[in-house]
Amino acid sequence: MIAMIEEEKQKQRLLQACGKTAFGCKIAAIALAYGLDKSFACFWMDTETDVVYCMVDGLMILSGTVLKEKESREFLRAVGAQAVMCAVRNAEALSLSVGNSGDVLKKVISSEGKAAVLRTEVNIRDIYGLLEETGMADEFEPFYLDLSHKLRHEAALAATEYRNGELCGCALVSSIDGHAAILSSVAVKEAYRRQGIGSELVKRVESYFPGKVIYALREKDKNREFYRSLDYAKTDTWVYAKLH
């Protein structure tokens, strides 16, 4: 049965079920940063299969492996999900019409060394401007509110590089839980590319997570060699599908 997670005592089981996947990391980071009482973020769990569902502003993120396809499809319709982000195996099980897709990349960071202290003071407007310039930005207000909140609650991280008084590169981690993190964006201003800035920013991010896992959701046919050179390996395929 798919049941809503509403009480703090249920959170630990949810967090445990979210372990070991990029999708689970995204869900766990939302739960840790915002709690269970926000109207824009709702959490459910199939208590028999440990499949976890999290809907944020109409987007359903799904972690685990769907075994009860009919029940899951009916559930998505009942709660009004507008789109789904999940592993390709679940998209196939749910007969979803795939929109975008790409590789889920994974790297286990060496446990040697001491973790760097998380930086929470960054210029979010500068970061947004660079992401917008490189075609990686959505609307400003939700981006600003989400990132500023997650930074305050240590559920996000931004590594930045300034040269000549301007932001020339950034690596953004948008999700952090107790076991893993998701590297969501690496952007370098065009005039500063091919100077190793992107690679150095990723390595800087990695220094914050010794002994943990970093995931990257690479879009199809983009930045393959960049991530390969940094020893990120494909572990799954992500799918984004709109529901009609």
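The values are calculated or read from the model by the stated rules, or taken from the named source; none is laboratory data. Keep in mind that this is a model prediction, so the values were computed, not measured. Cβ: placed from backbone, ideal geometry, glycine included. Neighbour counts: every protein chain shown. Accessible surface areas use protein heavy atoms only, side chains included; no ligands, DNA or RNA. Shrake-Rupley method; radii C 1.70, N 1.55, O 1.52, S 1.80 Å.
Obtain the nm distance between the two label points defined at GLN12 and GLU166 by a simple spin-label model: each point lies 7 Å from its Cα along the Cα-to-C-beta direction.
Result for the modelled spin labels: 5.2 nm.
Sort region 102-244 into rounded, prolate or oblate with this rule: let a ≥ b ≥ c be the square roots of the eigenvalues of the Cα gyration tensor; rounded if a/c is under 1.5, and if a/c is not under 1.5, prolate when a/b is larger than b/c, oblate otherwise.
Rounded, since a/c falls under 1.5.
Give the lysines reachable from LYS70 as a straight Cα distance under 24 Å; neighbours fewer than 8 places away on the same chain don't count.
LYS242
Can you give the angle from 0 to 90° between the axis of helix 22-34 and the longest principal axis of the chain, with both taken from C-alpha atoms, to the nearest 10?
90 degrees
Please compute the per residue accessible area over the chain with all protein chains in place, 1.4 Å probe, rounded to a whole number of Å².
Heavy-atom accessible area per residue stands at 52 Å².
For the chain, with only Lys/Arg (+1) and Asp/Glu (-1) charged at the beta-carbon, what is the dipole magnitude about the Cα centre, in debye rounded to 20?
600 debye
Tell me, what HN-Hα J-couplings in whole Hz come from the Karplus equation 6.51 cos²θ - 1.76 cosθ + 1.60 at θ = phi - 60° for each residue of region 150-163, using x for Gly and Pro?
Values, residue by residue: 5, 4, 5, 9, 6, 10, 8, 8, 10, 9, 10, 10, 10, 9 Hz.
With a/c under 1.5 counting as rounded, go ahead and sort region 1-91 into rounded, prolate or oblate using the C-alpha gyration tensor (a ≥ b ≥ c being the square roots of the eigenvalues; past the cut-off, prolate if a/b is larger than b/c, else oblate).
Because its axes are fairly even, with a/c under 1.5, region 1-91 counts as rounded.
If each residue of separation counts as 0.36 nm, what is the full-extension length gain between GLU69 and THR49 once their alpha-carbon separation is subtracted?
Here the segment from GLU69 to THR49 would lengthen by 6.0 nm.
Which angle from 0 to 90°, rounded to the nearest 10, does the C-alpha axis of helix 197-206 make with the longest principal axis of the chain?
For helix 197-206, the angle is close to 50 degrees.
Work out the charge dipole of region 82-180 with +1 on the Cβ of Lys and Arg and -1 on the Cβ of Asp and Glu about the Cα centre, then indicate which of ILE109, THR134, SER174 is farthest towards its positive end.
Most positive-ward Cα: ILE109.
Separation between the GLU141 and ALA191 pseudo-spin-labels, each 7 Å from Cα along Cα→Cβ, expressed in nm?
3.2 nm
How far, in nm, would the chain grow between GLN82 and ASN223 when pulled straight, counting 0.36 nm per residue and subtracting the alpha carbon separation?
Contour length minus Cα-Cα distance gives 47.9 nm.
Just read off the accessible area of PHE226 with the full protein assembly in place, 1.4 Å probe, to the nearest 10 Å².
Accessible surface of PHE226 is approximately 50 Å².
Within the chain, what whole-number % of the accessible surface is contributed by carbon and sulfur, with the 1.4 Å probe and all protein chains included in the calculation?
Taking all protein chains in place, the chain shows 46 percent carbon and sulfur surface.
Hull surface divided by four, with the convex hull built on the Cα atoms of the chain: how many nm²?
13.2 nm²
Convert each backbone phi in region 57-62 into a coupling constant with the Karplus relation 6.51 cos²θ - 1.76 cosθ + 1.60 (shift: θ = phi - 60°), then list the ³J(HN,Hα) values in order as whole Hz, x for Gly and Pro.
6, x, 8, 9, 9, 10
For ASN100 and SER39, compute 0.36 nm times the residue count separating them, minus their Cα-Cα distance, and round to one decimal in nm.
Roughly 19.3 nm would be gained on extension.
List the lysines whose Cα lies under 16 Å from the Cα of LYS220, skipping any in the same chain that are fewer than 8 positions away.
Candidates past the 8-residue exclusion: LYS106, LYS234.
At 7 Å along Cα-to-Cβ for each site, give me the label-to-label distance between THR237 and GLU132 in nm.
The modelled label-to-label distance comes out at 3.5 nm.
Over the C-alpha atoms of region 49-168, what are the Rg and the largest Cα-to-Cα span, Dmax, in Å?
Cα radius of gyration and Dmax of region 49-168 are 18.5, 57 Å respectively.
Taking the 0 to 90 degree range and rounding to the nearest ten, how far is the long axis of helix 124-133 tilted relative to the main principal axis of the chain, both from C-alpha atoms?
90 degrees
Could you pull out the trypsin sites (Lys or Arg not before Pro) across region 58-90 that fall in loop regions by DSSP (anything but H, G, I, E, B) with no more than 16 other Cβ atoms inside 10 Å?
In loop regions of region 58-90 (DSSP not H, G, I, E or B), the sparsely surrounded trypsin sites (Lys or Arg not before Pro) are LYS68.
List the residues whose amide H sits under 5 Å from the amide H of MET60, counting only those 5 or more places along or on another chain, with H placed 1.01 Å from N in the peptide plane.
Excluding prolines and chain starts, which carry no amide H, the hits are GLN82, ALA83, VAL84, MET85.
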